[in-house]
Amino acid sequence: MKKDTFTFTNNKTNESYEFDILEGTRGPSVVDISTFYKKTGMFTYDVGYTSTASCRSDITFIDGEKGELLYRGVAIEELAENHTYLETCYLLLNGNLPTSEELLDFDLELRHRSFIDENLKHLINSFPDRAHPMSILASGVSALSSFYYEHLEDTNEDMRQEMARRIIAKIPTIAAFSYRKSLGIPEIYPDIDRSFTENFLYMMRAYPGGKMKRTKDGSNEIKEIEVKALDAIFTLHADHEQNASTTTVRTVGSTGAHPYVAISAGISALWGRAHGGANESVIAQLEMIGDVKNVDKFIERAKDPNDNFRLMGFGHRVYKNFDPRARALKKLQDQLKDELNLDSKLMEIASKIEEIALKDEYFIKRKLYPNIDFYSGVILTALKIDRPMFTPIFVIGRTVGWVTQLMELQQSSEFKITRPRQLYIGK
Ligand code: SDX
């Protein structure tokens, strides 16, 4: 059957060129311009790849206009409300939600793999105390490639699955060790009797020797509701199509580099405040605004083209509607506000910003809505997580997405090294 095609006409030379249109199962079709340069002698130009599809993928689907997000076809709201983060990891890695038997095996394997080599612990401890946990995390994950060098040549699905489960299991430990290091207190080893998410809170909070803080009623200091909230946050961050850090992971992976240095590059890309670093900046910004009466002044600054101040947690390259993850976090925030002492002042300022911005022409015209980072910080603050750990928590959630996207690239029949061209304006 003849393929649908798209014709480009060069009006200077009146030459026309035909390119195939490729259809996906959902979302915009694409024009295959892989032969554009060969046919026309010209490059296409798309800074930031705003109109460019870099790959075929069946992992995550986003409809930016509708504000819809699916992992392997399952809606994010369904996963965040009715499934655990580990079920979501299994879904992303395998394409289907696990049976209870599969989930048990997966859970146990991650618990047993959550420990790290003592030499990696020494590397973490060699950092200066004031080191940001993200710099330690990026370095620690890159160093992990030395401890599991065999994954450089993974040739079958079992080896790739083992590579994936190793890094998913060890990232929370490296993150928690980084945090403890920044406080100058000894690390807490993983406790294999605790679930993935509870274990992370345990490694962050336990006293040296592993004892939890005594509470007056003798209860365990880690509350069920806290585990549920953090687990939902991990799920909401698990993957997000071809964002900047995932594109970085794919680019490094496309050169044949070790998978763990590709993930480390993704961690570095995520750190930027325009990307995953925004969650840390949102809270800093809410504290800087300080009071509801100052909100108007900062909204005007965000709108001023001569002021590079931007509302952190607002806007998104793809979502031109509410980020469905932001909606899910807002719902979680409303549920938690009674059970967890959410900082009402920060919530009040955030609500005021949202109320004003969503009615303001500047934001409406540019379709700027709150994104995932706008709400996550208030919940993480209520979980008594220090701000420098906000983006490492994004890393813990996103690692399964990065490694799944990397495995898809490695097995793609279209595997090619990433190598864009340029418009030369030099001498
Ligand atoms: C994440 O890609 C992903 O999927 C990322 C992510 C994921 O899960 O991986 O969703 C996670 O990174 C969420 C985004 C977190 N970042 C922030 O909250 C930082 C603040 N937001 C932005 O800097 C910005 O909105 C971006 C980077 C998120 C998106 O930038 P774009 O798509 O390149 O849009 P743009 O910079 O071209 O802005 C379009 C217009 C501009 O105005 P004009 O020049 O047209 O007049 O909107 C303005 C911008 O100035 N604008 C903002 C704004 N964001 C965009 N104005 C004020 N405040 C803002 N936050």
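Excluding ligands, DNA and RNA, the accessible surface per residue across the chain is 50 Å² with a 1.4 Å probe.
Rg over Rh for segment 169-265 works out to 1.07, both radii taken from alpha-carbon positions and Rh defined as the Kirkwood radius.
Would you list which aspartates and glutamates come within 17 Å of LYS38, measuring only between C-alpha atoms, while excluding same-chain residues fewer than 8 positions from it? Within the straight-line cut-off, LYS38 pairs with GLU15, GLU18, ASP20. The helix-only estimate of mean residue ellipticity at 222 nm for the chain, built from DSSP H runs of length n ≥ 4 each weighted as -39500 (n - 2.57), is -16000 deg cm²/dmol after division by the residue total.
Taking the accessible area of segment 209-249, probe 1.4 Å, and keeping the other protein chains in place, the carbon and sulfur fraction comes to 53%.
Among PHE36, PHE106, the sequence by solvent-accessible area, most first, with a 1.4 Å probe is PHE36, PHE106. If the Kirkwood radius is taken over C-alpha pairs of segment 5-44, then at 25 °C and 0.890 mPa s the Stokes-Einstein diffusion coefficient equals 222 µm²/s. Ranked by the mean number of other Cβ atoms within 10 Å per residue, highest first, peptides 10-18, 381-389 order as 381-389, 10-18. Solvent-free Debye calculation, one equal scatterer per alpha-carbon of segment 287-406: log10 I(q)/I(0) at 0.12, 0.13, 0.16 Å⁻¹ equals -0.49, -0.57, -0.85.
Cβ-Cβ distance of PHE36 and LEU104, R₀ of 56 Å, FRET efficiency by 1/(1 + (r/R0)^6): the value works out to about 0.65. Extension gain for ILE185 to THR52 (0.36 nm times residue separation, less C-alpha to C-alpha distance): 43.2 nm. Taking all Cα pairs closer than 8 Å and separated by 6 or more residues, the relative contact order of the chain comes to 19 percent.
Each principal axis of segment 99-239 carries a Cα extent, and these read 54, 43, 26 Å when sorted largest first.
At full extension, GLU339 and LYS427 could sit 25.3 nm farther apart than now, given 0.36 nm per residue minus the alpha carbon distance.
Here the translational diffusion coefficient of the chain follows from Stokes-Einstein with Rh set to the Kirkwood radius across Cα pairs; for 37 °C and 0.692 mPa s it amounts to 142 µm²/s. Using a cutoff of 8 angstrom between alpha carbon atoms and counting only pairs six or more residues apart, the relative contact order for segment 5-44 works out to 29 percent. Taking all protein chains as they are arranged and a probe of 1.4 Å, the heavy atoms of MET42 leave approximately 100 Å² accessible to solvent. Heavy-atom accessible surface of TYR37, to the nearest 10 Å², is about 120 Å², with a 1.4 Å probe and all protein chains retained. Per-residue SASA remark: LYS367, around 90 Å² accessible (1.4 Å probe; ligands, DNA and RNA not included). For segment 5-44, the carbon plus sulfur part of the accessible surface works out to 52%, probe radius 1.4 Å. Annotation: aspartates and glutamates with alpha-carbon distance below 14 angstrom to LYS320 (same-chain offsets under eight excluded): ASP63, GLU65, GLU68.
Counting only Cα atoms, segment 289-342 measures 42, 31, 12 Å along its principal axes, largest extent leading.
The packing ranking of peptides 54-66, 226-238, highest mean first, is 226-238, 54-66, where packing means the average number of other beta carbon atoms within 10 angstrom of each residue.
The values are calculated or read from the model by the stated rules, or taken from the named source; none is laboratory data. Worth saying up front: this structure is predicted, and the values here are computed from it rather than measured. Positions of Cβ are generated from backbone atoms using ideal geometry, with glycine treated the same way; all protein chains shown enter the neighbour counts. We work out accessible area using only protein heavy atoms, side chains counted, and drop any ligands, DNA or RNA first. Shrake-Rupley method; radii C 1.70, N 1.55, O 1.52, S 1.80 Å.
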